[in-house]
Ligand code: ADP
């Protein structure tokens, strides 16, 4: 609407980066690569693309490490320009493309840009590529930096690359890109008073609650931003805050609205963050570190920092993931504090002593490339088949350990993606075309040979949508096995088969929305699964160069009962993720490179002995340590 548009304009006029337009354009014109460093909220994500577009750069790609940010920033820019989202301004995230032939400014996740470069290694439809939020040091952005270095040499005359970041060490990146210029956009940050607690609280949740209420009752107006670690503790804190605030309101204290903010929040709830609150109403925003730099929430005056972040880490020597709550780095702590000083002087309450900050916090965050499984990335780089790129010598800003590269190569060899010389195999080439992790991609390809591709596509789609399937995921996780009634017998075969059966039941209702609700499944999640399944199916048809291997109904029956072929395909894809039963309860020993004793995760249909039988051999989707080692998503290979 016209009103919305002029509002946006007013707000834009104050964004610091707009004062540097001339300087930025001039520098970009003279240099293939430019680093732009600017305080969070200075307008990098929303303004740089528009600026370049005003100066006749034709098609601009802006990458974001997070899906939410890609969508939210694209929506904002479309609104500022007064255009329909998906037309001149659009976004593309995995399994969701909202762009058209008209799109000039395209926000996309770094993973999607990597994928695009598979089909078009020179990315020549873009005249500008902006790698935004580079300070997050996501695995994909780090790989893109290496590829961009090469690409600007090949396309020197017609490609501009901008690397933008809130906190990145500009000199290091500049050196990486042959001493490219670094532009610093001074932010307009008001002073933030930092207050430390005397000691670590026994519960940061309770301590956040207490601090927030204290601020709400005693401090002048201004929104409160609380950094929690994940959806779980956010939901708990939000509900506690709601109770307390309601009680206060009855005692006629100032109004407050409590808003959660995390990556798996449905889009309609996310946008509430950007709406101004009614007058005399304080907002209390409870967020993950998504509010640290990737989404700027205006109006915050008070920050409560738990000092923790939830981080997924991979250990190449055990092949295990852990989702750990770890201490943030100093850089992160200062970013969080800075959120309080955007509109006027603010306060940051650190729920840890200053000595802990000084002595225990790392200076900078460990880049994701040094704490991830690299199988997917290595497969991707190999499939690019660039004559001048050797994986073990790839030009990384910070190289991963050779142990984790070796681990990736071993994994890929075991599932036939590369040969014994490390060269990509034809199966590997096909796998790389699927936007799935290598094991799952391998399973699909095998399933196509076994005539059970339809079932495998369903399983892959269900696994991909995991986070959107169940309401309040964690809470129901344990109960998942009880949510759906009337599933055909077969649950004894494990989680993959159950996921398949859930989808097949829904399919038989002709995708009835009421059925999802009755069975405690998120409608949005199930619709997403259906869409993902369709997309994967199209990619498979392209890879298979023809119709997919689906058996005629009559013939499937004999296989259907125990889904034998699907389980066989899973064994091939997850060949390094097999486990053998040990005698006691649900204890297993993993086979493969990293033998260890593990248990079936409590969320699995196989975690209890309801059926009186544990299979002797299983394959698992992943190993996680929480902190005990568990197999998540387990499928029976061989029954006793
Ligand atoms: P930076 O990338 O430098 O952190 P941004 O360009 O993301 O800065 O943000 C600039 C301004 O635009 C901020 O005031 C922010 O609140 C606002 N903004 C960003 N995204 C949205 C959105 N989806 N809706 C409304 N405002 C937004």
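When N is the residue count of the stretch 199-336, what does its C-alpha Rg come to as a fraction of 2.2 N^0.38 Å?
1.10
Once both labels are modelled 7 Å past Cα along the beta-carbon direction, what's the residue 30-residue 255 spacing in nm?
5.3 nm
Per 0.36 nm of contour for each residue apart, how much would the distance between residue 18 and residue 518 grow if the chain were fully extended, relative to their Cα-Cα spacing?
174.9 nm
Dividing the convex hull volume of the Cα atoms of the chain by its residue count, what figure in Å³ per residue is obtained?
171 Å³
Per 0.36 nm of contour for each residue apart, how much would the distance between residue 589 and residue 214 grow if the chain were fully extended, relative to their Cα-Cα spacing?
129.9 nm
At a Förster distance of 45 Å, what's the computed FRET efficiency of residue 83 paired with residue 509, Cβ-Cβ distance as r, to 0.05? Write out the running numbers ahead of the final one.
Details: r = 39 Å, r/R0 = 0.86.
Taking R0 as 45 Å, the efficiency between residue 83 and residue 509 is 0.70.
Under 8 Å for C-alpha pairs, at least 6 residues apart: give me the relative contact order for the stretch 201-321, rounded to a whole percent.
RCO, the stretch 201-321: 39 percent.
If you scale each eigenvalue of the Cα gyration tensor by 5 and take the root, what three semi-axes come out for the stretch 124-183, rounded to whole angstrom and sorted largest first?
In descending order the semi-axes read 18, 13, 10 Å.
With a Förster radius of 60 Å, plug the Cβ-Cβ distance of residue 276 and residue 391 into 1/(1 + (r/R0)^6) and report the FRET value to the nearest 0.05.
Rounded to the nearest 0.05, the efficiency is 0.75.
Round to the nearest 10 and give me the degree value, 0 to 90, for the angle of helix 402-414's Cα axis relative to the longest principal axis of the chain.
40 degrees
Residue 221 versus residue 323, label points 7 Å from Cα toward the beta carbon: distance in nm?
3.9 nm
Roughly what % of Cα-Cα distances in the stretch 122-273 sit above 23 Å, to the whole percent?
Across the stretch 122-273, Cα pairs with separations above 23 Å total 60 percent.
Quickly work out the residue 153-to-residue 206 label distance, labels modelled 7 Å from Cα along the C-beta direction, and quote it in nm with one decimal.
Simple spin-label model gives 5.9 nm for this pair.
Cut-off is 10 Å between beta-carbons; in what order do 302, 196 appear when sorted fewest neighbours first?
On the way: 302 25, 196 17.
With the fewest neighbours first, 302, 196 line up as 196, 302.
Relative to the first principal axis of the alpha-carbon coordinates of the chain, what is the inclination of helix 139-154, with its axis defined by its Cα atoms, in degrees from 0 to 90 and to the nearest 10?
80 degrees
List the residues of the stretch 194-219 whose backbone N lies under 12 Å from a point placed 7 Å from the Cα of residue 248 along the Cα-to-Cβ direction.
It comes to 209-219, nothing else.
Hey, got the Cα dimensions of the stretch 332-473 along the principal axes, in Å, largest first?
Cα extents, longest axis first: 63, 43, 26 Å.
Once every Cα of the stretch 331-376 carries one equal point scatterer and solvent is ignored, give the base-10 log of I(q)/I(0) from the Debye formula at q = 0.17, 0.31 Å⁻¹, two decimals.
Each listed q corresponds, in turn, to -0.66, -1.13.
Express in % the proportion of alpha carbon pairs of the stretch 367-420 at distances exceeding 18 Å.
The answer is 26 percent, as a whole percent.
In whole percent, what relative contact order does the chain give with Cα contacts below 8 Å and a gap of six or more residues? All intermediate terms of the calculation are to be shown ahead of the outcome.
On the way: 1154 pairs, mean separation 69.9, N = 640.
Reported relative contact order: 11 percent.
Along each of its three principal axes, how wide is the spread of alpha-carbon positions in the stretch 95-146, in whole angstrom units, largest first?
That gives 31, 23, 20 Å along the principal axes, largest extent first.
If one computes P(r) from the Cα atoms of the stretch 62-150, what percent of pairs lie at distances over 17 Å?
44 percent
To check you understand DSSP bridge types, tell me what percent of the beta bridges within the stretch 74-194 (both residues inside) are antiparallel, rounded to 5.
Rounded to the nearest five, the antiparallel share is 25 percent.
Compute the acute angle (0 to 90°) between the alpha-carbon long axis of helix 564-573 and the principal axis of greatest extent of the alpha-carbon atoms of the chain; round to the nearest 10°.
Compared with the principal axis, the helix lies near 50 degrees.
Could you please rank 177, 394, 593, 227, placing first whichever residue has the fewest other Cβ atoms within 10 Å of its Cβ?
Neighbour counts put them in this order, fewest first: 593, 394, 177, 227.
We did not get these values from a lab; they are worked out from the coordinates using the rules stated. Predicted model, so just to flag it, every value in this text is computed and none were measured. As a convention, Cβ positions derive from the backbone with ideal geometry for all residues, glycine included, and neighbour counts pool all protein chains shown.
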